[in-house]
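The values are calculated or read from the model by the stated rules, or taken from the named source; none is laboratory data. These numbers come from a predicted model, not from an experiment. Cβ placement follows ideal geometry from the backbone for every residue including glycine, while neighbour counts extend to all protein chains displayed. Areas reflect the complete protein model, heavy atoms only, side chains present, ligands, DNA and RNA absent. Shrake-Rupley method; radii C 1.70, N 1.55, O 1.52, S 1.80 Å.
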Amino acid sequence: MKRKPFDELTSADDGMFQTVMKDPEISAELVERLLGVRVKQVEYPELEKAIEPYYTSHGVRLDVYLKDENKVIDVELQSYPQKALGKRMRYYQSMADCDSLMKGQPYTKLKESYILFICKFDPFHDDNKRGYGLPRYTFKNICAENNSVNLDDKTVKVVYNAKAYESVEDPKVRALLRYILTDEPGEDEYSKRLSEFVERAKKNEKFRKEYADMNLHDFDIMTEAAEEATLQKAVEAARNLLAMNVLTPEQIAQAVGLPLEQVLELQKELAISNHAN
């Protein structure tokens with residue numbers, strides 16, 4: 001994984017974004033500008049909050065997670081396109097709900113929930129792969145048969161497309177999206193504060209070390225994921241060769257690069273499956 005040089009970091013880069021959002025006033029104003037809601041009494045926003053409700057479930061690590069007595073807000077900044085954005089938001093929503101509702105509490109205690117994604121690209125495209133070009137995409141659960149019927153589940157998902165900042169009517173939102181996309185604060189006071197915060201952070205040796213550690217951690221995760229993908233391909237190849245019944249387990253182990261013991265275990269699983277069928 002290629003690291004971005006520390007001195008070239010902007011507020012839109014992973015690590016720096018979380019650091020800037022450590023300031024509760026900055027994070028609260030960002031939410032107020034982009035969602036139009038106020039967050040009361042946020043003493044300290046949780047950064048890269050990990051939510052893992054069950055040991056067998058897929059946990060999530062949220063960029064910036066804000067709470068008050070009435071609402072929870074997850075803020076994510078995406079510099080590069082990622083697959084299944086909608087399903088990602090769906091899962092983040094479910095994890096936020098699990099985190100906000102204590103065991104034994106009724107569903108009426110669920111807080112208002114906002115999932116906010118700020119993208120430096122247009123995340124939605126038509127069948128011809130052309131972006132729709134909207135600066136903001138807001139999703140709520142409404143009735144397909146009658147759009148005036150709202151499920152009223154108190155959930156909102158908002159995705160901003162910073163590339164379309166010029167078409168935003170609200171000058172504060174337009175200025176913020178412009179800054180996120182270009183790293184140029186212009187005359188907007190809030191964007192200037194963000195830019196100044198970034199420059200101060202770059203002079204902080206503690207943050208410099210944390211950034212280096214974060215990159216190494218991310219690299220370890222990516223390496224582990226790549227190794228897991230390679231292993232799964234080898235296992236699938238071994239299963240196929242066993243099903244063909246043309247090579248010995250020893251030959252298959254050598255061909256796909258798996259331990260002989262693992263190939264023999266796969267052979268047993270295949271035999272059990274065939275017997276069951």
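Overview of values
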| quantity | calculated |
| --- | --- |
| Sequence of Leu35, Leu176 from largest to smallest accessible area, 1.4 Å probe | Leu35, Leu176 |
| For region 231-277, average projected area of the Cα convex hull in nm² | 2.9 nm² |
| With every protein chain in place, region 228-267: carbon and sulfur % of accessible area (1.4 Å) | 55 percent |
| In region 87-154, the chymotrypsin sites (Phe, Trp or Tyr not before Pro) that fall in loop regions by DSSP, at most 12 other Cβ within 10 Å | Tyr132 |
| Accessible area (Å², 1.4 Å probe, nearest 10) - Val39 | 20 Å² |
